[in-house]
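Colleague: Below is a structure I'd like to ask you about.
The values are calculated or read from the model by the stated rules, or taken from the named source; none is laboratory data. Just so it is clear, the model here is predicted, and its values are computed rather than measured. Using ideal geometry, Cβ is built from the backbone for each residue, glycine included, and neighbour counts are taken over all protein chains shown. Please note that ligands, DNA and RNA were not included when accessible areas were found on the heavy atoms of the full protein model with its side chains. Shrake-Rupley method; radii C 1.70, N 1.55, O 1.52, S 1.80 Å.
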Amino acid sequence: MIARTIGAVAVAVAAALAATPAGCQNSRTRPADTVAADVTPGGTTRIDAAAVRARLEKLRVAVEDTGNVYRRTEWPHWQPVAGGCDAREHTLKTQGTAVTTGPGCKVTGGRWVSPYDGITVTDAKTLDVDHVVPLAEAGRSGTRGWSRADRQRYANDPAVLIAVTAKSNRSKGDSDPAKWLPAKDQCGYLARWVDTKTRYRMTVDQTEHDAIAAVLRRC
């Protein structure tokens, strides 16, 4: 089962989007080493494309487990992670600039640049907090054996959460990269996608694998 607390993970990743997320200490979800990358929210990610491609090739290719139906209540999220903040608040607080908060860590002001579309936002209420690999996609990616605690851990891991415009997040939905890519920084997005699936021992389907590989050849 899971060996580390969400709070410990939040401390480790608060200053970096690509930091190592929490995971279980079993063969399904034990974290792995990360692909080196320098990430600037809303900017361009410098990635080691060869390393990302190599990591992609190590992911297990399997047919999507569509029978593992996503139910929101089975993936408890926006749980407390650090400093009195829940996972959403923590993401907004650490990924913006000049962020102000009120009682209960409620975000009252700040500035964010959505990495999916490059749009600058000054009203936190117009932001969504996206999971790099959406929860429904995670459920289809070889995680049927995860416990509720495993699912909660992933759903609240600061390292897989990104503050983005609501429009871009809802355009993405639960799509994998074969069906959706952000308008900005596609190479950085795919590096994070592959990194997340690697660390959490998720699978990729063949179409997803091929779509990622095709874009990475241009990175």
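Colleague: Taking the condition of a type in the set (Val, Ile, Thr), part of a helix (DSSP H, G or I) and either more than 18 Å from Lys58 (Cα to Cα) or open to solvent by less than 10 Å² (accessible area, probe 1.4 Å) (or both), does Thr207 pass?
Modeller: no
Colleague: What about Glu137, is it acidic (Asp, Glu), under 17 Å from the mean Cα position of the chain (by Cα) and either open to solvent by less than 20 Å² (accessible area, probe 1.4 Å) or more than 18 Å from Leu161 (Cα to Cα) (or both)?
Modeller: Details: acidic (Asp, Glu): yes; under 17 Å from the mean Cα position of the chain (by Cα): yes; either open to solvent by less than 20 Å² (accessible area, probe 1.4 Å) or more than 18 Å from Leu161 (Cα to Cα) (or both): yes.
So Glu137 passes the test.
Colleague: Under the condition of being over 16 Å from the mean Cα position of the chain (by Cα) and in contact (Cβ under 8 Å) with a residue 12 or more places away in the chain, which residue from segment 68-80 is most open to solvent (accessible area, probe 1.4 Å)? Can you show your working first?
Modeller: Going through segment 68-80, the residues over 16 Å from the mean Cα position of the chain (by Cα) turn out to be 68-74, 80.
Retained after the next criterion (residues that are in contact (Cβ under 8 Å) with a residue 12 or more places away in the chain): 68-70, 72, 74, 80.
Details: Asn68: 37, Val69: 75, Tyr70: 82, Arg72: 144, Glu74: 62, Pro80: 100 Å².
Filtering segment 68-80 for residues that are over 16 Å from the mean Cα position of the chain (by Cα) and in contact (Cβ under 8 Å) with a residue 12 or more places away in the chain, the one most open to solvent (accessible area, probe 1.4 Å) comes out as Arg72.
Colleague: Also: Before we move on, is Ala159 in contact (Cβ under 8 Å) with a residue 24 or more places away in the chain and small (Gly, Ala, Ser)?
Modeller: Details: in contact (Cβ under 8 Å) with a residue 24 or more places away in the chain: yes; small (Gly, Ala, Ser): yes.
Considered against the rule, which asks whether it is in contact (Cβ under 8 Å) with a residue 24 or more places away in the chain and small (Gly, Ala, Ser), Ala159 comes out as yes.
Colleague: What tally of residues in segment 163-204 results from selecting those that are outside any helix (DSSP H, G or I), surrounded by fewer than 18 Cβ atoms within 10 Å (Cβ to Cβ) and in contact (Cβ under 8 Å) with a residue 40 or more places away in the chain?
Modeller: Quick first cut of segment 163-204, residues outside any helix (DSSP H, G or I) only: 163-165, 173-185, 200-204.
With surrounded by fewer than 18 Cβ atoms within 10 Å (Cβ to Cβ) added as a condition, the list becomes 173-175, 178-180, 183.
Narrowing further to those that are in contact (Cβ under 8 Å) with a residue 40 or more places away in the chain: 174-175, 183.
Of the residues in that region, 3 qualify.
Colleague: Somewhere in segment 81-92, is a residue out of contact with any Phe, Trp or Tyr (no Cβ under 9 Å at 6 or more places or on another chain), of a type in the set (S, T, N, Q) and open to solvent by 60 Å² or more (accessible area, probe 1.4 Å)?
Modeller: No, segment 81-92 has no match at all.
Colleague: Tell me which residues, restricted to segment 55-67, are loosely packed, with under 15 Cβ neighbours inside 10 Å and charged (D, E, K, R).
Modeller: Within segment 55-67, Glu57, Lys58, Arg60 qualify.
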